[in-house]
Amino acid sequence: MKTDLLLRSAALASLTFMLAACAGPEPMVREAPPPPVTSVAQADQQLAAVARERAAVEARFAERERVCYNKFFTNNCLDDAKDTRRRALASQRAIEVQAAHFKRAAIAEERDRNLADAEKRYQAQEARLASQPPKPTVPVTPESPPRKPTAPAREAERNARVREAQQKEAAAAPERAANVGAYEQRKAQSEERQRRVAERKAERAAKAARQAEEKAKAAADAAAKANAPAK
């Protein structure tokens, strides 16, 4: 009789311990803000660490889930395990969002710097070309005819020189026109590049503002879910 009573008392004490272990709420854990990112290399390291930690979180959840099925209050144990998994994944998501945002912003800034450097080089080249305008056409003045040839011979020689000067002038005219056209084309291309750079900067600023707003909302949602009492 005493033996049966002792066995029932031990069983009751064991059951009470299991109930306390399974039903007791876990202490509330406040999520720490993700570490700041200062370089693309650091962002890559954080993204790789997030991938590893996610795999570890899923492995820990699978192990705890297996243990929960051996407990008396399985549903309560599973809910606690899911809540722990959710908070761990939310923390890793915050790190991932910050690192990815920094990396995108750094790549965009590098592209803008390259475009700005290319534009500066182009403007310097245009300034050099503008400082060296085409040489003005020198008017051809007929030389004084020699005294010895006769009047018809002098007239023919003068006409020949005039025709030669006119031919040279006509031959150089297309080249001057081409130089003027090329200069106008380069000027138009420069203005178009400047307009594209300004548009890209404006788009990048608007995108950064949207991403910052989304990040703040995601952080607020994660904090609200983390602070919510476990069911």
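Laboratory data are not the source of any read-out in this text; all were calculated from the coordinates shown. Keep in mind that what you see is a predicted model, and the values were worked out from it rather than measured. Every residue, glycine among them, receives a Cβ derived from its backbone with ideal geometry; neighbour counts consider all protein chains shown.
By other beta-carbon atoms within 10 Å, ranking SER131, SER39 with the fewest at the front produces SER131, SER39. Taking the number of Cβ atoms within 10 Å of each Cβ as an exposure proxy, the fewest-first ranking of VAL57, VAL37, VAL180 is VAL180, VAL57, VAL37.
When the alpha carbon gyration tensor of region 64-107 is reduced to an equivalent ellipsoid, the three semi-axes, largest first, read 36, 7, 4 Å.
Taking each of LYS120/LYS207; LYS103/LYS225; LYS71/LYS215 in turn, the alpha-carbon distance tops 30 angstrom for LYS71/LYS215. Approximating the spin labels as points 7 Å out from Cα along Cα→Cβ, the VAL180-to-SER39 distance works out to 5.6 nm. When each of ILE107, ILE95 is scored by the number of other beta-carbon atoms lying within 10 Å, the sequence from fewest to most is ILE107, ILE95. Within straight-line reach of LYS217, meaning a Cα separation under 17 Å, sit the following aspartates and glutamates at least 8 residues removed in sequence or on another chain: GLU31, GLU96. 3J(HN,Hα) along region 75-80, derived from phi through the Karplus expression 6.51 cos²θ - 1.76 cosθ + 1.60 where θ = phi - 60°, amounts to 5, 4, 5, 5, 4, 5 Hz, with x in place of Gly and Pro. Working from label points 7 Å from Cα in the Cα-to-Cβ sense, the ASN159 to ALA224 distance is 9.9 nm.
Inverting the pair-averaged 1/r between distinct Cα atoms of region 146-211 gives 17.1 Å as its Kirkwood hydrodynamic radius.
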